[in-house]
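*Asks:* Take a look at the following structure, please.
The values are calculated or read from the model by the stated rules, or taken from the named source; none is laboratory data. Computed from a predicted structure; not experimentally measured. Glycine also receives a Cβ, built like all others from the backbone with ideal geometry; neighbour counts cover every protein chain displayed.
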Amino acid sequence: MAETETRQGIGVSPGSAYGPVVQVAPPVRPPADEPAVEDHEAALADVKAAFESVAQALEEKARHADDTAQKILKATALIARDKGLVKAAGKQLTAGRGRANAIANSVEEYCAQFEALGGYFAERVTDLRDVGSRAVAAVLGVPAPGVPDFTEPSVVVAEDLAPAETATLDRSLVVGIVTQAGGRTSHTAILAAQMGIPAVVQLAGATAIPVGTPVALDGDTGEVTIAPEPGLVEAQRVRREKRAEALAASSGPGVTRDGHHVALLANIGGVQDAQSAGAQDLEGVGLFRTEFVFLSADRAPTVEEQAEIYRQVFRPFGDRRVVVRTLDAGADKPLSFADLGPEENPALGRRGLRLSAERPELLDAQLEALAIAAKDTGADVRVMAPMVATVEEAAWFARRVRENGLPKAGVMIEVPGAALRAAHVLAMVDFGSLGTNDLAQYTMAADRMQGALSDLLDPWQPAVLDVVAAACDGARRTGRPIGVCGESAGDPLLALVLAGLGVSSLSMAPSKVPVVRLALSLHTLPECQGLATAAREAATAKDALEAVRSRAQSALTDLL
Ligand code: PEP
Ligand code: MG
């Protein structure tokens, strides 16, 4: 039996869990002593067949997966069918490598190129290595790496989870997720929260925890206890029940104890998310990431194809608001039909609204489709642009939205330049929405896809709070509402700070809404303002969190 030990990671999906560890099988390595092939043609055919079998297995999985998972799996299958990979493997065979090594080397060549490109490309490296490892297993005739079959409710532990793996986990059997790598805004984190599975990332030594070892994890604090004492498990169970009870007792719109309204909204990525969020006690959608719908599309969707999807997304919300973000393609969210070619720095490149300057027909088709779906459903649709940096961009976007007959135009405030000039930028539109994921990335100059930079990307960084505060001041001066739709909106303590800074809505994974609602209901607006001041006066991110935690109502902090 392992010794009891508590380790600290980063909590990215709320709730606690307890169960035995299931280790995700690591990638299969090619044998070091694999001989060179004799029949080059036959070997190349084997390599091709291996990649193809991986693509087919992923597609087969996709057939049984939900909406989000399907897209991710299909996108990964496309990687497995990349002709360039087979070609590169062919060169390796010619150079005297065996089949498995040819596959592994060609994949690593691609990975090195992707890593050098950074941003979105670097993020796809996890998927690429996953495909490579599966192809190596296929060509060697050994079991595929990844999540093994298991029947007892368990905690899934991995070095990192490919989006495809996270999205296809069986929710009824996976009680928690722990990864050694990964970051706050990585796919694993966003998908786990979307699926309502408690998760901790960046846990040192996670992959060395023996299979079957019981672990208790806390997706709020990021604590993971290996072989916990029965007392701790019991205390966590009691806390879980207490928390569920407390959360069940609060319902309805987000309101502070003194009656100040802060709308509680959902972040969604497609029709299935809309159906499940629409059935929940929340006030609408604060961020519909439309690019998630088209991640695996190999051509631009037509106006009618888009309109049909948007109708299905809008309907579950009746007359509740639905804030739609126009395509945020590029960098961490690639769309093959909206690709302008490789860039040195994709996160700083022609992404988001900047892409629309070069491909205005994509934006026009989307706005037309949104207008049709809004009219057909009578939904309260508001449209916002990603990655807006200047007044001119905001004005250009608002004009196009209005020309399409859509009533409300907004901008995401996720570039520090736009945050600092929010009064002028927001004067061009009807509302703003703070994208704190990117705002943290750009304020701290830290790639959000690099788990190792998690400390810099911490939304509690006082500099990020100052930039948020500047945007809120600007919004106040212009009389425009401003909300938050980055992951920070779903952190109950940070939500209090954001409310104190003056945001009018908080949009998050639906599983996070109840605890944020409770947090608001326990504090008055002046208390939230006091918490915001305390956080901004702190010298470090850690101090800011501690300042708020120690001042917040214990009825909340006891549950966290
Ligand atoms: C953000 O940047 O905070 C945001 C909400 O957008 P995304 O995470 O999709 O970039
Ligand atoms: Mg963003």
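*Asks:* Looking at (1) more than 16 Å from ligand 2 (Cβ to nearest atom); (2) part of a loop (DSSP other than H, G, I, E, B); (3) without any contact (Cβ under 8 Å) to a residue 60 or more places away in the chain, which is the only condition His523 fails?
*Replies:* (3)
*Asks:* Which ones in the range 397-421 are more than 16 Å from ligand 2 (Cβ to nearest atom) and assigned to a helix (DSSP H, G or I)? Steps first, answer last, please.
*Replies:* First pass over the range 397-421, keeping only residues more than 16 Å from ligand 2 (Cβ to nearest atom): 398-409, 420-421.
Result: Ala398, Arg399, Arg400, Val401, Arg402, Glu403, Leu420.
*Asks:* Still on this structure, please answer the following. What are the residues in the range 455-511 that are among the basic types (Lys, Arg) and over 20 Å from Gly410 (Cα atoms), if any?
*Replies:* First, the residues of the range 455-511 that are among the basic types (Lys, Arg): 476-477, 480.
Hits for the range 455-511: nothing passes.
*Asks:* Given the residues Val12, Val28, Val37, Val21, which is the only one that is at pLDDT 95 or above and either under 30 Å from Leu93 (Cα atoms) or not in a helix (DSSP H, G or I) (or both)?
*Replies:* Val21
*Asks:* Six or more apart or on different chains, Cβ atoms under 7 Å: show the pairs whose first residue is in the range 529-554 and closer than 10 Å to Leu493 by Cβ and whose second is surrounded by fewer than 20 Cβ atoms within 10 Å (Cβ to Cβ) and of a type in the set (D, E, K, R).
*Replies:* The qualifying pairs are Leu531/Arg551.
*Asks:* Right, another one. Could we say that Pro386 is within 16 Å of ligand 2 (Cβ to nearest atom), in contact (Cβ under 8 Å) with a residue 24 or more places away in the chain, more than 27 Å from Pro316 (Cβ to Cβ) and not small (Gly, Ala, Ser) here?
*Replies:* Spelling it out, it is not the case that Pro386 is within 16 Å of ligand 2 (Cβ to nearest atom), in contact (Cβ under 8 Å) with a residue 24 or more places away in the chain, more than 27 Å from Pro316 (Cβ to Cβ) and not small (Gly, Ala, Ser).
*Asks:* With Pro31, Pro20, Pro27 as the choices, which residue is in contact with a helix residue (DSSP H, G or I) (Cβ under 9 Å, 6 or more places away or on another chain), in contact (Cβ under 8 Å) with a residue 12 or more places away in the chain and under 30 Å from Gly196 (Cα atoms)?
*Replies:* From the options Pro31, Pro20, Pro27, the qualifying one is Pro27.
*Asks:* On the basis of being more than 20 Å from Met412 (Cβ to Cβ), in a helix (DSSP H, G or I), out of contact with any strand residue (DSSP E or B) (no Cβ under 6 Å at 6 or more places or on another chain) and aliphatic (A, V, I, L, M), does Ala373 make the cut?
*Replies:* The answer is yes for Ala373.
*Asks:* Only one residue in Gly410, Gly417 is within 16 Å of ligand 1 (Cβ to nearest atom), modelled with pLDDT of 95 or more and touching a Phe, Trp or Tyr at 6+ places or on another chain (Cβ under 7 Å), so which one is that?
*Replies:* Testing whether each residue is within 16 Å of ligand 1 (Cβ to nearest atom), modelled with pLDDT of 95 or more and touching a Phe, Trp or Tyr at 6+ places or on another chain (Cβ under 7 Å) leaves just Gly410.
*Asks:* Of these, Gly410, Gly378, which one is surrounded by fewer than 18 Cβ atoms within 10 Å (Cβ to Cβ), in contact (Cβ under 8 Å) with a residue 24 or more places away in the chain and of a type outside the set (D, E, K, R)?
*Replies:* Only one candidate qualifies: Gly378.
*Asks:* Same structure, new question: Determine, yes or no, whether Arg354 is touching an Asp or Glu at 6+ places or on another chain (Cβ under 6 Å), surrounded by fewer than 24 Cβ atoms within 10 Å (Cβ to Cβ) and in a helix (DSSP H, G or I).
*Replies:* Working: touching an Asp or Glu at 6+ places or on another chain (Cβ under 6 Å): no; surrounded by fewer than 24 Cβ atoms within 10 Å (Cβ to Cβ): yes; in a helix (DSSP H, G or I): yes.
No: the conditions fail for Arg354.
*Asks:* Can you give me the number of residues within the range 434-471 that are more than 16 Å from ligand 2 (Cβ to nearest atom) and buried (at least 23 other Cβ atoms within 10 Å of the Cβ)?
*Replies:* Adding up the residues that qualify gives 2.
*Asks:* With (1) in contact (Cβ under 8 Å) with a residue 60 or more places away in the chain; (2) buried (at least 21 other Cβ atoms within 10 Å of the Cβ) as the list, and Leu85 as the residue in question, which single condition is left unmet?
*Replies:* (1)
*Asks:* Take the residues of the range 526-544 that are in a helix (DSSP H, G or I) and of a type in the set (Gly, Ala, Ser): which is surrounded by the fewest Cβ atoms within 10 Å (Cβ to Cβ)?
*Replies:* Gly530
*Asks:* Find all pairs meeting these conditions: Cβ atoms under 6 angstrom apart; at least six residues apart or on different chains; first residue within the range 319-331 and under 17 Å from Val484 (Cβ atoms) and outside the structural domain of Leu117 (by TED's automatic domain parsing); second residue within 12 Å of ligand 2 (Cβ to nearest atom) and part of a loop (DSSP other than H, G, I, E, B).
*Replies:* Pairs found: Arg325/Pro386; Asp328/Gly352; Asp328/Pro386.
*Asks:* Find all pairs meeting these conditions: Cβ atoms under 6 angstrom apart; at least six residues apart or on different chains; first residue within the range 427-450 and within 19 Å of Glu392 (Cα to Cα); second residue within 16 Å of ligand 2 (Cβ to nearest atom) and part of a loop (DSSP other than H, G, I, E, B).
*Replies:* Ser433/Cys485
*Asks:* Of all residues in the range 197-220, how many are within 19 Å of the chain's Cα centre (by Cα) and either closer than 15 Å to Gln23 by Cα or at pLDDT below 85 (or both)?
*Replies:* Total meeting the criteria: 4.
*Asks:* Quick check: anything in the range 386-393 surrounded by fewer than 24 Cβ atoms within 10 Å (Cβ to Cβ), outside any helix (DSSP H, G or I) and within 16 Å of ligand 1 (Cβ to nearest atom)?
*Replies:* First pass over the range 386-393, keeping only residues surrounded by fewer than 24 Cβ atoms within 10 Å (Cβ to Cβ): 389-393.
Within this subset, residues satisfying the condition of being outside any helix (DSSP H, G or I) are 389-390.
Then keep just the ones that are within 16 Å of ligand 1 (Cβ to nearest atom); that gives 389.
Among the residues of the range 386-393, at least one is surrounded by fewer than 24 Cβ atoms within 10 Å (Cβ to Cβ), outside any helix (DSSP H, G or I) and within 16 Å of ligand 1 (Cβ to nearest atom), which makes the answer yes.
*Asks:* Here is a follow-up. Spot the failing condition for Pro360; the list is (1) within 16 Å of Val323 (Cβ to Cβ); (2) at pLDDT below 95, and only one is missed.
*Replies:* That leaves (1) as the condition not met.
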